[in-house]
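Accompanying notes for the structure given below.
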Amino acid sequence: MSLLIGLFVIVFRKRLKCEKFTSRLQVPISIGLLMITAQHKQRSEKKKIQKPYGLTQTTHHHRGRRLPPPRRLALAATATPPNLAVAMFRLRSSARLVRELREASRSYGRREWFSGGALAAAARTTSLLRPLPGLDVPQCLPDQLVGQPTRVTTLPNGVRVASEDLPGPSGCIGVFVESGSVYETAETAGMSHLLEKLAFKGTAHRSHLQIVQDVEATGGNVGASASRELMVYTYETLKAYLPQAIEVLIDCVRNPLFLQDEVERQVALAREEIQELQRNPDRFLQESLNQVGYSGALANPLVAPEENLMRISGNIIQKFYHENYTADRLVVAASGVDHQQLLDVAEPLLSDWHKGSSVERPESKYVGGDFRYRADSEMTHVALAFEVPGGWLQERDATIMTVVQTLMGGGGSFSSGGPGKGMHSRLYLRVLTKYHTVESFSAFSNVFDRSGLFGIYLTTPPEFVAKAVDIATKELIALATPGQVTDIELKRAKNSTISAVLLNLESRVIVAEDIGRQLLTYGCRKPVDHFLQCMDEITLDDITDFAQKMLSSQPTVASWGDVDKVPPYEFIRKRF
C-alpha cells in the first residue's frame, strides 16, 4: 500500500510540475481521494487476493532503525512481491481512476479546480456585494421594534404579579422579596446570608432530592441570591414547563423547612466562606466599604458574622423569615411568559400569603471612614470611594453614574483589550498603559435605593501603592474639573453603556430581575427608552457637576495587604 500511494504521489507531482499547478491545496485533496479509493478497493478484495509482500506495511524497520519515508518507499520497491501481477493490476486500475476523474472534471466545467484557479474563478463569478441569483433575501427588521408591555396585577393580599412576554422557546420566573441585611438586628445578623444558602434545600411538600429531580426533569436552572435590600429566587426553563416551574419555585419560597441538621450544615459552610472571604481581597474590601462608610442599616454585614454563627438556629431563621417574607413586600416577575397563563397558575398559590404588619425601612447615613486589613501578600489592594446621594431613586444621577463608570473604565494589566473591552477608557489609557507596575486599576460602584458608592479599586506592589493612590486621586479630581473630559470620550461612553444595557436585556433572567427590582424600587416598571433618553441627554457639564457633588462627601478608604505603605486617611481626605 505504501508503494502504491508513493507512486501516486510521484505521478501527481510530475503532472503538477508539467501543468504548472501552483495551488498547494490541490495535492493533499487529490492524494486523499486516491488513498480512500485504494483503501476501499483493498478491503473489497481482501478475501479474494493475497496481500503483496511489503505493500501493506505502514512502518518499516531496517536493521532495527526507523527509516524516513523515502527509504521506506525504496525498501518496499526493491522487495520481491509474491504476486507481481496483482500489484500491476492495482496500478493500472488506479491510473484509470485518475483519468476518469480528470475527464469528469472537464465534462462538468471544473478544469480550473485542478489547474489551481478555483478561487480566482469563484471570485470572478460570485460577489458578496450582490444577492445570489434565485436567493430570497428576508426583509430587514425596522430600527425601532415595539416591545411587549409589562403587565402588572396586584392580588388582594398585596402580592404583585408582573410579566413581559418575549418571543423564544424559554422563559424565566422570579420571586423578589424586599428583605435583606438592612432589616437584620444584632440578634438576626446574617439571616439573609443563611436564607440564601438554605434555598431549595427542602419544603413542607418536597425533599431536597425531589426538588433536584423536579428541576432536572424540566431542564431548568434555579438560583438564589441575597443582597442588602433584596432577596432573589429565579427559575429558568423552557416555556412548555413553566407551569411546573412556577409551582416548584413558589413552593420553595413559601414553604421552606429549616431543619436543624441542614441549618448546622449550612452554618459550617458559612464559617468556611468567611475564612475564604478574608483571602479574597476584592470581595472583602467591597464588603468592608459598607461597614466603614455607613452608619445604620447599610452598615450591617451581608455575610454572617462568625460570632453570630454559634447561636443561629432553625427557630431564629424561621422567625426572621415570617416577619419579612410578607405579601406586601413580594413581587413575582416573569419574562417570556404570557401574563394570563402566569396568573392562572400563580394566583391560587399566592392569594392566601399572609400580609404581615407594615415595616419601615431602617435609616442609614453615609459617614466615610478608613479600614485596613494587614495580610501577607505580594500585592496591596486599595478601594477609594465616595457617596452617590439618592441612589437609584435619583434616576438622573444614577444614570450619569453608570455612564461615568464606563467613561472611567479600567481593568487589569493583563487585559487583552480590543474593541468593546474598555481599551479607550480613561483609566486604561491614562494609567494601565503608562504605569506597568499597576496590577489592576478600575472604576466600581455599589448602588442602593437611597444611596450608593462610587470609586476606584487598585492593586499594586506595596512599594508603588502610595503613588497609585495619588494617581487615583488625580483621576477623580480631573473628572470634576471642567474641560478635562472630551466630547469624544463622553460619546463613546454613552454608546458603550447603551449597548451594554440593551445586550443585557436580551437575557430572560435579567429582564425578570429588572421587572422585580423596579417594582420594589419605583412601584412600576419604567420602559428602557426612558433610561436611554436620559443617557442621550447627558452633557459634559452633567459629568462635571455629578463628580463635584460626589467628591464633596467624605472619602471611604479600605485597604488589604501591606497597609503600612498606604497613605494616611487624613492625607487622602485633604486632597479633596
Given a 1.4 angstrom probe, I'd like the percentage of the accessible area of the stretch 471-576 that is carbon and sulfur, rounded to a whole number. 53 percent
Need one value: the accessible area of residue 193 in square angstrom, 1.4 angstrom probe, rounded to the nearest 10. 10 Å²
Put 573, 374 in order of accessible area, largest first, probe 1.4 Å, and you get 374, 573
Separation between the residue 137 and residue 225 pseudo-spin-labels, each 7 Å from Cα along Cα→Cβ, expressed in nm? 4.2 nm
Ignoring any ligand, DNA or RNA, what whole percent of the accessible area of the stretch 151-349 comes from carbon and sulfur when the probe is 1.4 angstrom? 51 percent
Computed over the Cα atoms of the stretch 366-574, what is the convex hull's projected area averaged over all directions, in nm²? 12.1 nm²
By the mean-Cβ-within-10 Å protection proxy, highest first, 245-257, 173-185 rank as 173-185, 245-257
Can you give me the accessible area per residue for the stretch 284-354, using a 1.4 Å probe, in Å²? 36 Å²
Please give the FRET efficiency for residue 487 paired with residue 311, using the beta carbon to beta carbon distance and R0 = 60 Å, rounded to the nearest 0.05. 0.55
In nm, what is the difference between 0.36 nm times the number of residues separating residue 477 and residue 344 and their Cα-Cα distance? 42.3 nm
One computes Rg over Rh for the stretch 426-486 from alpha-carbon atoms, with the Kirkwood Rh, and obtains 1.01
So if R0 is 51 Å, what FRET efficiency would residue 217 and residue 533 give, r being the distance between their Cβ atoms, rounded to the nearest 0.05? 0.70
Please list 258-271, 537-550, 220-233 highest first by mean number of surrounding beta-carbon atoms within 10 Å per residue. 220-233, 537-550, 258-271
Of 293-301, 500-508, ordering from highest average Cβ density within 10 Å down gives 293-301, 500-508
What's the extension gain from residue 210 to residue 548 if we count 0.36 nm per residue and subtract their Cα-Cα distance? 116.1 nm
Overall Cα dimensions of the stretch 151-349, principal axis frame, Å, largest first: 47, 34, 32
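The values are calculated or read from the model by the stated rules, or taken from the named source; none is laboratory data. Every value quoted in this text rests on a predicted model; they were computed, and no experiment measured them. Cβ coordinates were reconstructed from backbone atoms using ideal geometry, including for glycine residues, and neighbour counts include every protein chain displayed. When the accessible area is computed, the model is the full protein with side chains, heavy atoms only, and any ligands, DNA or RNA have been set aside. Shrake-Rupley method; radii C 1.70, N 1.55, O 1.52, S 1.80 Å.
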